[in-house]
Amino acid sequence: MKAIILMFDSLNRHALPAYRGTMVDAPNFARLASSAATFENFYAGSMPCMPARREMHTGRYNFLHRSWGPLEPFDDSMPQMLRDAGIHTHLVSDHPHYWEDGGGTFHTRYTTWECFRGQEGDPWKGVVSAGVAGADFKTAIRGQDAVNRTYMPTTAEHTQTRTVDAGLHFLDVNAADDDWMLQIELFDPHEPFFTHDDYRSRHLDAEQMSAERFDWPGYQKVTEPEDQAERARREYASLVSMCDDTLGRVLDAMDAHDLWKDTLLIVNTDHGFLLGEHGWWAKSVQPWFNELVHLPMFLWDPRTGGADTRRGDLAQTIDIAPTMLRHFGLEPTEDMQGRDLAVVGPDAGDGARQSDGDGAGDDAGAGRGADAGREAALFGVHGGHVNITDGRYVYMRSSVSAENQPLEEFTLMPTHMRSRFAPAELTDWEPVEPFSFTKQVRTMRIPTAAGWLNSWRHGTLLYDLEADPRQEHPLQDDELELRMARMLVDTLRASEAPRSQFERLGLPADGEVTVEHLLVAEHAERAAAVAEPLPPAEALPDVVARRPLPELLAVPEGARAVEAWAPDLVRTETVNVPGGVTLLDLAAFGAVTAAQLRGIAEALVDRSVGESLGQLQ
């Protein structure tokens with residue numbers, strides 16, 4: 001038996017024709033849908049990048065116990081299990097996070113692997129005059145990315161192209177042999193949305209092509225004018241077009257080598273990317289809306305067939321490892337929470353079934369087949385909302401307090417995304433008794449903070465995806481919230497969530513969930529205020545959009561206006577605010593609402609505030 005995983009990063013299902021998307025003309029994704037099963041209810045689990053990959057290896061949720069980090073010594077790794085069983089596993093990837101501190105144990109689980117450099121500010125080519133040494137993180141990564149692009153002057157030299165070339169070379173060499181798994185993993189269409197003009201010209205007109213490139217929006221609310229925001233969407237579409245051509249190359253290779261008869265094919269992604277929906281760019285800072293977690297997923301499994309079908313059963317990233325192992329005749333470990341996606345019907349043990357639902361565009365019809373597959377899908381990020389869906393309703397549970405505590409890391413590999421844990425982070429760690437999945441090994445329990453993640457700001461949210469597929473109208477329904485909260489607690493307990501997670505969320509680690517634990521109504525006013533999109537920066541006075549907050553507070557009129565509209569900024573929030581941060585910057589991360597921003601702006605342009613206004617303008 002053989003297998004191919006073609007994995008993209010940040011691929012939006014609503015961009016693809018297979019999900020009735022109209023953003024990109026993607027004939028090869030349409031071709032794939034005619035040759036495989038298209039999943040209508042496939043969800044992410046742990047986010048973002050490397051937490052999702054840990055789930056692909058281990059078949060169990062990551063984010064309840066650990067933030068971004070490597071595979072742990074006690075983790076079951078699907079590629080290593082295959083390798084140890086005599087299956088040759090090969091990884092080709094241009095995903096830069098594999099080669100950082102927080103991803104350093106993943107690629108070495110494969111029999112062989114190749115990496116391709118240059119994506120997203122990867123510290124690749126050294127150009128001293130670029131000034132990246134010693135610069136702040138944002139300046140350094142964007143400066144390095146500008147350097148890297150000069151070493152990829154054509155599409156043929158783009159990292160995506162070089163990665164796929166290597167994957168196809170593996171197929172050319174090994175297609176006639178048996179017992180191998182190839183993982184072609186692409187960073188695209190992750191930001192920055194870097195493509196060459198042969199793709200950009202498909203989506204941008206001449207005026208947009210000649211304008212300054214805007215292909216790297218920040219992780220924040222949209223504050224750009226609409227024409228600039230639209231350019232970013234078109235840059236993303238250009239990169240998805242390139243991904244579609246890449247998919248076509250892989251499908252051509254499967255045809256040429258006659259691989260469909262015995263080769264499992266998975267085409268998937270880790271999460272999506274917001275392109276202005278809900279007033280936000282990107283991911284992580286805001287709640288995990290369906291544009292981010294309701295994922296495209298395609299499966300061709302020679303054990304079951306299923307070409308040109310649509311599956312409505314609820315499935316997740318944790319199902320990939322058991323599916324791959326069973327394809328090669330191996331059994332998932334007891335610690336894996338996922339299920340083999342080939343098992344459909346009564347034998348699945350959880351009610352999975354095949355569906356011919358029509359899966360309307362975006363997330364319309366998300367509830368079709370919700371009675372099939374798993375009962376619930378859990379998803380989130382360490383320190384953020386903890387979310388659950390039954391395929392129709394989505395419950396997004398925030399922290400019960402603004403402090404977002406207690407929060408803990410459970411690890412034997414104390415590294416962050418791009419760094420080791422600092423000594424100061426390790427002064428209070430203590431050993432904790434083993435979880436069932438740690439192979440009788442005690443881990444370090446490390447108190448931590450979620451940094452810029454603060455789910456409390458956004459509140460606890462509840463949505464009906466059938467009636468409100470775009471999640472624009474949160475529900476207040478105590479009976480429904482109680483049912484979903486109980487489902488969430490059951491899933492947390494089954495996943496051995498630490499007691500600190502229950503305490504942070506205001507949920508009982510033991511005993512019944514009651515109406516006393518409900519939060520949607522209590523949080524509704526705050527949630528609505530934070531959810532309101534921001535006005536564009538150009539519509540705000542300079543004193544709000546560009547004047548650093550400490551300078552504004554130093555002027556009596558400024559301090560009075562801020563205290564009147566956003567008192568927390570004066571009392572607590574400015575303690576750790578960098579000197580150059582503006583009110584608009586804080587609003588872009590949800591720390592100031594649109595109403596507060598407008599109120600402060602109106603107060604400061606009112607001449608009655610006094611002669612000091614001249615200092616501010």
Some residue of region 241-263 being under 22 Å from residue 149 (Cβ atoms) and touching a His at 6+ places or on another chain (Cβ under 9 Å): yes
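Here's the yes/no breakdown for (1) open to solvent by less than 10 Å² (accessible area, probe 1.4 Å); (2) hydroxyl-bearing (Ser, Thr, Tyr); (3) closer than 20 Å to residue 324 by Cα:
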site: 183; (1), (2), (3): yes, no, yes
site: 218; (1), (2), (3): no, no, no
site: 224; (1), (2), (3): no, no, no
site: 245; (1), (2), (3): no, no, no
site: 260; (1), (2), (3): no, no, yes
Test for residue 82: is it over 23 Å from residue 267 (Cβ atoms) and of a type in the set (A, V, I, L, M): no
Among the residues listed as 144, 160, 119, the single one being outside any helix (DSSP H, G or I) and either on the phi < 0 side of the Ramachandran plot or not charged (D, E, K, R) (or both): 119
Answer from 503, 512 - the residue that is open to solvent by 30 Å² or more (accessible area, probe 1.4 Å), part of a helix (DSSP H, G or I) and among the acidic types (Asp, Glu): 503
Residue check, residue 496 at pLDDT 90 or above and open to solvent by 60 Å² or more (accessible area, probe 1.4 Å): no
Inter-residue pairs, beta-carbon under 7 Å, first under 14 Å from residue 301 (Cβ atoms) and in region 319-331, second of a type in the set (A, V, I, L, M, F, W, C) and part of a helix (DSSP H, G or I), 6+ apart: 320/56; 324/78; 325/78; 325/81; 328/82
Answer residue from region 394-412, given it is open to solvent by 10 Å² or more (accessible area, probe 1.4 Å) and in contact with a strand residue (DSSP E or B) (Cβ under 9 Å, 6 or more places away or on another chain) and is farthest from residue 453 (Cα to Cα) among those: 412
Residue among 538, 563, 525 that alone is assigned to a helix (DSSP H, G or I), in contact (Cβ under 8 Å) with a residue 60 or more places away in the chain, open to solvent by 50 Å² or more (accessible area, probe 1.4 Å) and under 30 Å from residue 600 (Cβ atoms): 538
Residues of region 460-487 that turn out to be surrounded by 15 or more Cβ atoms within 10 Å (Cβ to Cβ), part of a loop (DSSP other than H, G, I, E, B) and touching a His at 6+ places or on another chain (Cβ under 9 Å), as a count: 4
Among residues of region 82-114, those that are open to solvent by 50 Å² or more (accessible area, probe 1.4 Å) and either touching a helix residue (DSSP H, G or I) at 6+ places or on another chain (Cβ under 6 Å) or assigned to a helix (DSSP H, G or I) (or both), counted: 9
Hits in region 414-456 (condition: loosely packed, with under 14 Cβ neighbours inside 10 Å, within 28 Å of the chain's Cα centre (by Cα) and under 23 Å from residue 505 (Cβ atoms)): 436, 449, 451, 452
Residue list for region 25-36, restricted to those being surrounded by fewer than 24 Cβ atoms within 10 Å (Cβ to Cβ) and not polar (S, T, N, Q): 25, 26, 27, 30, 31, 33
Residue pairs meeting the criteria (Cβ under 9 Å; at least 6 apart or on separate chains; first at positive phi, in region 280-294; second open to solvent by less than 10 Å² (accessible area, probe 1.4 Å) and assigned to a loop (DSSP other than H, G, I, E, B)): 282/10; 282/191; 282/217; 282/273; 284/47; 284/384
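Per-residue answers, yes or no, for (1) assigned to a helix (DSSP H, G or I); (2) among the β-branched types (Val, Ile, Thr); (3) open to solvent by 10 Å² or more (accessible area, probe 1.4 Å):
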site	(1), (2), (3)
286	no, no, no
292	yes, no, no
303	no, no, yes
310	no, no, yes
318	yes, yes, no
323	yes, yes, no
326	yes, no, yes
329	no, no, yes
Residue that is most open to solvent (accessible area, probe 1.4 Å), among those in region 379-393 that are part of a strand (DSSP E or B) and farther than 14 Å from residue 405 by Cα: 393
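The values are calculated or read from the model by the stated rules, or taken from the named source; none is laboratory data. Because the structure is a prediction, the values reported are computed rather than measured. As a convention, Cβ positions derive from the backbone with ideal geometry for all residues, glycine included, and neighbour counts pool all protein chains shown. Calculation scope for accessible area: heavy atoms of the full protein, side chains included, ligands and nucleic acids excluded. Shrake-Rupley method; radii C 1.70, N 1.55, O 1.52, S 1.80 Å.
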